[in-house]
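See structure below.
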Amino acid sequence: MVQAEARRSVDMVGLMARTLSGIKPTGPLTLGRYLGAVRHWVDEQSSGEAFYFVADLHALTTVQEPGEVAARTVELATLLVAAGVDPQRGSTVFVQSHVRQHAEMTFMLECVTSFGELRRMTQFKDKSGEQDFVSGGLLTYPVLMAVDILLYGIERVPVGDDQRQHLELTRTIAQRFNSRYGDTFVLPEAVVPPVAARIKDLQDPTRKMSASSTAGPGVIDMLDPVDDIVKKIRRATTDTVGSVAYDAEKQPGVSNLLDILGACTDEDPEKLAERYDGYGQLKADCADAVLDVVRPIQDRYRELERSGAMSSLLADGAKHASGIAELAIRRAQANRGLWTG
Ligand code: AMP
Ligand code: TRP
């Protein structure tokens, strides 16, 4: 009975375009992460059923402070909703560790993933080189990511370019399981948004804008006080050329400001460049445009915090997600040959 139900649910999954993506609570939601990822999630949600979650288990591979993971998790989840990822528009928002099946399925799929495949992952090679203590979790993390996707029969996974390799591994794992144990998983595709909005650090425009624990002077945290945002943009590195052109090679700082302004106003940065002859006005307009994006999100964030609505919203999200994940896990267990009673 359960198996028939599980099979039916997975068959139905094949007919619906489901989207899913996750974000790690390893630091603040930077303007870069918002413009490069979260904003696209908001825009995409009307095109089908969507799942967006805070990947808190993933953060355990690198974040060591217990309080930090919890605080960043609830902050990020609230920001996703404040930014417009909306359960009323078909998006399920949840916290990964609230849906037990993620951890449970991971072991089963680790057993169809080879040590060599995991060791060869670029991100593992990079990150293991940076750390004194290289955990087993850092090695097997791509399997957890595969599970995040495969539990829900996802077809489209919006991710940054750096995650393509993990998506390829997800397909390999799904294909291997399907060919060994029968049709069980839907094969997902990576959807990489246009790279136009690769936002750079305001102090060092040769580096991507990213933050590990807190946002420094070159990084805008979506929750920074508005005055700090204006200051950070005013102090952004430019150059001594003296004119404004969209040329990432010769004028990386100026081009980054044009990218930010363009991304916030939905205009072409190259065309925007023609309107300016000095850096002061460009910075002032860039700050205004960023504040127009940030302010309503901060207002909504505070409202959500005040109302205490997030706990029940996330509980509903986890309940919905775990209903689907449970069917997927039972089907996988049955096909793999575990005795399911
Ligand atoms: P992260 O967790 O910081 O790796 O970011 C999650 C996703 O946000 C990435 O896969 C990118 O798609 C996007 N992202 C992060 N930082 C930036 C940035 N500076 N510019 C554009 N997109 C970004
Ligand atoms: N690994 C992703 C990152 O570092 C986050 C993530 C976890 C994810 N699970 C996922 C993204 C599933 C897409 C689908 O950005």
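M209 meets all of the listed conditions (1) open to solvent by less than 50 Å² (accessible area, probe 1.4 Å); (2) within 27 Å of the chain's Cα centre (by Cα); (3) over 11 Å from L31 (Cβ atoms) but one, namely (3).
If the condition is being touching a residue at least 24 places away in the same chain (Cβ under 8 Å) and more than 17 Å from G218 (Cβ to Cβ), then region 243-260 contributes S243, V244, A245, Y246. Pairing each residue of region 214-230 that is under 17 Å from E75 (Cβ atoms) with any residue that is of a type in the set (K, R), provided the two are 6+ apart or on different chains, yields C-beta distances under 9 Å for A215/K232; V219/K232; I220/K232; M222/R33; D224/K232.
When the residues of region 153-200 are filtered to those that are open to solvent by less than 20 Å² (accessible area, probe 1.4 Å) and more than 19 Å from the chain's Cα centre (by Cα), the one that is farthest from ligand 1 (Cβ to nearest atom) is T184. Consider S213 carefully, then state whether it is away from ligand 2 (no atom under 15 Å from the Cβ) and more than 29 Å from L151 (Cβ to Cβ). Against the criterion (away from ligand 2 (no atom under 15 Å from the Cβ) and more than 29 Å from L151 (Cβ to Cβ)), S213 qualifies.
Given the residues A82, A59, A71, which is the only one that is more than 16 Å from ligand 2 (Cβ to nearest atom), under 19 Å from A215 (Cβ atoms) and open to solvent by less than 20 Å² (accessible area, probe 1.4 Å)?
Just a single option satisfies the conditions, and that option is A82.
Restricting K250, K283, K319 to residues that are not small (G, A, S) and not in a helix (DSSP H, G or I) narrows the list to K250.
Of everything in region 122-142, what is within 11 Å of ligand 2 (Cβ to nearest atom) and buried (at least 19 other Cβ atoms within 10 Å of the Cβ)? Give them in sequence order. Y141, P142 - these are the residues of region 122-142 that are within 11 Å of ligand 2 (Cβ to nearest atom) and buried (at least 19 other Cβ atoms within 10 Å of the Cβ).
Condition check ((1) more than 17 Å from L76 (Cβ to Cβ); (2) open to solvent by 70 Å² or more (accessible area, probe 1.4 Å)) across all residues:
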{"position": "L258", "(1), (2)": "yes, no"}
{"position": "D266", "(1), (2)": "yes, yes"}
{"position": "A273", "(1), (2)": "yes, no"}
{"position": "G278", "(1), (2)": "yes, no"}
{"position": "A284", "(1), (2)": "yes, no"}
{"position": "L291", "(1), (2)": "yes, no"}
{"position": "M310", "(1), (2)": "no, no"}
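The values are calculated or read from the model by the stated rules, or taken from the named source; none is laboratory data. This structure is a prediction, so every number in the text was calculated from the model and none was measured. Virtual Cβ from ideal backbone geometry, glycine too; neighbours counted across all protein chains shown. Protein only, heavy atoms only, side chains kept; ligands, DNA and RNA dropped before computing areas. Shrake-Rupley method; radii C 1.70, N 1.55, O 1.52, S 1.80 Å.
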